[in-house]
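See structure below.
Values quoted throughout were computed directly from the atomic coordinates according to the rules given, and no laboratory measurement underlies them. Remember, it's a predicted structure, so these values are computed and weren't measured experimentally. Counting neighbours? That spans all protein chains shown, and the Cβs are built from the backbone with ideal geometry, glycine included.
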Amino acid sequence: MKTRLTALLLALVMLALTMTACNSGTEDPGSSSSGTLSSSPTSSQTSSAVIDEDAIEVPEPDKQAQIAEYKKTNSDVKGWITIDGIPVDYPVVHTDAYDNNDYYLRRAWDKSYRFLGCIFADFRTNFGPIGELSRNLVLYGHNVDDNRDSGEMFAQLLRYDDPEWYNEHPYIQVSTEYDDMVWVVFAAFYTDINFDYIEPNPDDRTFMYIVDEAMKRSELETNVDVQLTDNILTLSTCTLKYGTRTDQRFVVMARLQREGENLQELNPTATQNPNPKAPQFS
């Protein structure tokens, strides 16, 4: 009898210890102390253990001093763009003095004549700290020969129609004199100019229309989402994809890294879009 009682007491103690261990430091996954429901991991729930060891290293731009130095020569220098893997490492200029985008078409960043021009922002762009920067930062650059292997300025952006290239180069660095920023590409597409993707300061409805259309037209399908609260980057250049007509463009779009976002955990990846929306030429 005593043996049975001892065994029963031991079993009860083990059961109590087991229940304590299961409940230690846990709570209902659908609740929190604040009563707020969450369907996605918080920073305290994520771990570096989920980072893919093969994920591309996120760049750490440091261009503000360089921008300041170039600005001594031309006050129109407002930023810098760098893309790893291709020779895109240029100052970005901007002027709204002429109410159009023609001024820097055939001028270098220092305003001297240059047939290939320079990288310039849409004249309607707002520059400033991130909170004041245009919602859609639109940058233009020439592509005179469609040479994705050795072309100058924005010619080699054409590589972004290939998911294999994207998977090795998902990030674009565009800094201003206020902030060094990393942008993650979410779309790359050929388009007609009837699609107005170059509005720098769209309202909410227009912003989401631009993003949705970009994804429909994109040669890539990526795991990168875009929200109303995001800033996006638009790189626009010419292309000869559809012959010599002048109403076609190649566009790469990226969104700004969010505050506190771990891009290595996101590990941006792309596959080929089997049915991108084709340009609708007039």
Three-way shape label, region 71-167, alpha-carbon gyration tensor, a/c 1.5
oblate
Loop-only check: which GluC sites (Glu not before Pro) in region 216-265 are DSSP coil with at most 12 other Cβ within 10 angstrom?
E259
Expressed as a percent, the portion of alpha-carbon pairs in region 145-282 spaced more than 18 Å apart is 55
Between K78 and residues 5 or more places away or on another chain, the pairs with built amide H atoms under 5 Å apart involve V92, V93, H94
Please give the Cα centre distance for region 184-240 versus region 56-109, rounded to the nearest Å.
21
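Would you mind putting 54-64, 191-201 in packing order, based on average other-beta-carbon counts within 10 Å, highest first?
191-201, 54-64
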What would the Debye equation give as log₁₀ I(q)/I(0) for region 122-215 at q = 0.15, 0.20 Å⁻¹, counting only Cα atoms as equal point scatterers?
-0.72, -1.27
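Tell me whether region 152-191 comes out rounded, prolate or oblate; compute the Cα gyration tensor, take square roots of the eigenvalues as a ≥ b ≥ c, and use a/c under 1.5 as the rounded threshold.
Details: a/c = 2.23, a/b = 1.67, b/c = 1.34.
Taking the square roots of the gyration eigenvalues as a ≥ b ≥ c, region 152-191 is prolate.
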Too-long pairs where the Cα-Cα distance tops 24 Å, listed order kept, from K78/K111; K63/K241; K63/K216; K241/K277; K216/K241; K63/K111
K63/K241; K63/K216
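Which trypsin sites (Lys or Arg not before Pro) does region 70-122 hold that lie in a coil by DSSP with at most 11 other beta carbons within 10 Å?
In loop regions of region 70-122 (DSSP not H, G, I, E or B), the sparsely surrounded trypsin sites (Lys or Arg not before Pro) are K72.
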Tell me, what is a quarter of the convex hull surface for the C-alpha atoms of region 218-282, in nm² with one decimal?
5.9
